[in-house]
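These notes concern the structure reproduced below.
The values are calculated or read from the model by the stated rules, or taken from the named source; none is laboratory data. Since the model is a prediction, treat every value here as computed from it, not as a measurement. Backbone-built Cβ (ideal geometry, glycine too); neighbour counts: all protein chains shown.
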Amino acid sequence: MTHRQTFGMGFVPIFALWAMAGERTLDELLNGLIEPVVEGLGFRLWGIERLSRGKHTALKVYIDAEAGISVDDCARVSRQISSLLDVEDPIPGEYILEVSSPGMDRRLFTKAQFEEFAGVLVRISLRRAYEGRKRYKGLLAGLEGDDVILRTDEEEEFLFPLEQVERANVIPEV
């Protein structure tokens, strides 16, 4: 028996919405700067992650290609992005740039990636707990509008708004 449950938004203070909007703006700016560089070098920008580490920020850029990614590819892309960021200076303070392939347990960043990986096992972490849990594991059944459809082993089906998914990673087949 399948149960379909929907995750609701609820009340969000205005300052939290403003903070989230500010983050999206910087993320969109970084994506707009970095994606043409990566594509110009013949790769696909898989995603960008910003992580605060004390007074430093770690900027992780994931690149992909049909033939795979080598260490030399990462170094070449890193040099180009580093030069661009030195000129544009979009990140306040110090940062560490890391360029790598998304790996087998790749994180899903975009709506298109969620659609591309429909039918694959994933781990999802939510921004807010739903039914007392923030972490779910199951089959990514695809998208319905802007909602991620996840089917669990317990034959439950959940719809999580994409904006409430903090992180989603593919679970590699062994």
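If you take the residues in the stretch 64-115 that are among the polar types (S, T, N, Q) and surrounded by 15 or more Cβ atoms within 10 Å (Cβ to Cβ), which one is farthest from residue 140 (Cα to Cα)? Full working, then the answer.
Filtering the stretch 64-115 for residues among the polar types (S, T, N, Q) gives 70, 78, 80, 82-83, 100-101, 110, 113.
From what's left, surrounded by 15 or more Cβ atoms within 10 Å (Cβ to Cβ): 78, 80, 100-101, 113.
Working: 78: 32, 80: 35, 100: 24, 101: 22, 113: 11 Å.
Result: 80.
Let me confirm something: among 94, 88, 115, which residue is out of contact with any Pro (no Cβ under 8 Å at 6 or more places or on another chain) and not assigned by TED's automatic domain parsing to the domain that holds residue 26?
Result: 115 is the single residue among 94, 88, 115 that is out of contact with any Pro (no Cβ under 8 Å at 6 or more places or on another chain) and not assigned by TED's automatic domain parsing to the domain that holds residue 26.
Please go through the stretch 128-174 and pick out each residue that is surrounded by fewer than 17 Cβ atoms within 10 Å (Cβ to Cβ), in a strand (DSSP E or B) and hydroxyl-bearing (Ser, Thr, Tyr).
130 - this is the single residue of the stretch 128-174 that is surrounded by fewer than 17 Cβ atoms within 10 Å (Cβ to Cβ), in a strand (DSSP E or B) and hydroxyl-bearing (Ser, Thr, Tyr).
Could you pull out the residue among 117, 109 that is within 16 Å of the chain's Cα centre (by Cα) and over 21 Å from residue 37 (Cα atoms)?
117
Test of understanding: among 125, 78, which residue is among the hydroxyl-bearing types (Ser, Thr, Tyr), modelled with pLDDT of 95 or more and in a strand (DSSP E or B)? Break it down into steps so the answer makes sense when it comes.
Values: 78 fails: in a strand (DSSP E or B).
It is 125.
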